[in-house]
Amino acid sequence: MKQLTADAILHSVHGLPALPAVVLELIQSFGDSDVSAEQLAIKISHDQAIAAKTLRLANSSFYGLPRQVTSITEATAILGLRTLRGVATAAGLVSGFAKSRCQGFDFDAFWCHSIGTALTCRALAQRTRLDEDAAFTLGLLHDIGRLVLVSSYEEEYAQAIAYRTEHDCFMHVAEQHQFGVDHAEVGGLIAEHWHFAPEIVAAIACHHRPRSHAGKGLMDLVHVADNIAHGLDLSHQEDDMVPLLSLDAWGRLALGEKDYREVFDTVAEQHDVVCHALLA
């Protein structure tokens, strides 16, 4: 077993493919009302892979635009900066990591779950009056620690996967056994290292064990969304397990049965479209 320290985890970041600078800037710009739409559109346009995926998602039925858009500038004008920022961030994150050779790790299933969590976060945010675009991006990022562990410690992570199968436990429990930390803790360290907003950092770090606090927030949102995405089997993995749900977090969202039925239907309708746009 490899017991990881914070220094070792942060050192492993330097061995990862660097996220495109524009993606880091997009994520760091959430909450910044002074950001220039024109400048961000130019930067997105300069990365051909991100620009192509961004336009493919913008033109998908997910957004239902009245006509096809052919440039990032045009997409910005129609969708608005906040929405385009979320779209481009999704495109950049999916493009930013190469497929792992870790035995037992399904890269496409990972992103199918992350996209499902992002869509669920967005749908929940619409009904709780939280920031929809930050929620969507947080859903994509919530398991980023798993990618760091898989990319940096392939053999050890394969052993954690084998431990999970043998003991029929949650993946974060197997990670704790193998590394002494789990992907949520690792993700929080990485998000802080990348200078993400404190609320995003805390939500990633605590998405399996949300802290008690006054009022609903992104931490509750991603915790509940992650559980729903697992429950809807959006990764299409036979051995997927639904994590333990915090009833406090569920209660703070204060949504009713009708709200959740609508969320389930919305996510089920959107998931394949968004996965095709981002993963094809």
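One residue alone among Ala109, Ala174, Ala162, Ala158 is within 19 Å of the chain's Cα centre (by Cα) and hydrophobic (A, V, I, L, M, F, W, C), and that residue is Ala109.
Counting only residues that are hydrophobic (A, V, I, L, M, F, W, C), out of contact with any Gly (no Cβ under 9 Å at 6 or more places or on another chain) and surrounded by 14 or more Cβ atoms within 10 Å (Cβ to Cβ), which one in segment 200-240 is nearest to Met171 (Cα to Cα)?
Start the filter on segment 200-240 by keeping residues that are hydrophobic (A, V, I, L, M, F, W, C), which leaves 200-206, 214, 218-219, 221-222, 224-225, 228-229, 232, 234.
Those still in the list that are out of contact with any Gly (no Cβ under 9 Å at 6 or more places or on another chain) too: 200, 214, 218-219, 224.
Going one step further and asking which of them are surrounded by 14 or more Cβ atoms within 10 Å (Cβ to Cβ), we end up with 200, 218-219, 224.
Working: Ile200: 22, Leu218: 22, Met219: 20, Val224: 17 Å.
Within segment 200-240, the match that is nearest to Met171 (Cα to Cα) is Val224.
Restricting Asp272, Asp182 to those that are surrounded by 15 or more Cβ atoms within 10 Å (Cβ to Cβ) and charged (D, E, K, R) reduces the list to Asp182. Considered as a group, the residues in segment 241-269 that are more than 19 Å from His142 (Cβ to Cβ) and among the acidic types (Asp, Glu) include one that is surrounded by the fewest Cβ atoms within 10 Å (Cβ to Cβ), and that residue is Glu257. The helices (runs of 4 or more DSSP H) located wholly in segment 161-214 that include 1 or more residues which are of a type in the set (Phe, Trp, Tyr) occupy 171-179. Scanning segment 140-186 for residues that are at positive phi and in contact (Cβ under 8 Å) with a residue 60 or more places away in the chain turns up just one, Gly180. Taken over segment 112-139, the criterion of being without any contact (Cβ under 8 Å) to a residue 60 or more places away in the chain and either under 17 Å from His172 (Cα atoms) or surrounded by fewer than 24 Cβ atoms within 10 Å (Cβ to Cβ) (or both) is satisfied by Ser114, Gln126, Arg129, Glu132. Every listed requirement among (1) more than 15 Å from Leu278 (Cβ to Cβ); (2) within 21 Å of the chain's Cα centre (by Cα) is met by Ala49 save one, (1).
Number of residues in segment 75-111 that are part of a helix (DSSP H, G or I), open to solvent by less than 20 Å² (accessible area, probe 1.4 Å) and touching a residue at least 40 places away in the same chain (Cβ under 8 Å) equals 14.
The values are calculated or read from the model by the stated rules, or taken from the named source; none is laboratory data. Worth saying up front: this structure is predicted, and the values here are computed from it rather than measured. A quick note on method: Cβ atoms are made from the backbone with ideal geometry, for glycine too, and the neighbour counts reach across all protein chains shown. For the accessible areas, the whole protein counts, side chains as well, though only heavy atoms, and no ligand, DNA or RNA atoms are used. Shrake-Rupley method; radii C 1.70, N 1.55, O 1.52, S 1.80 Å.
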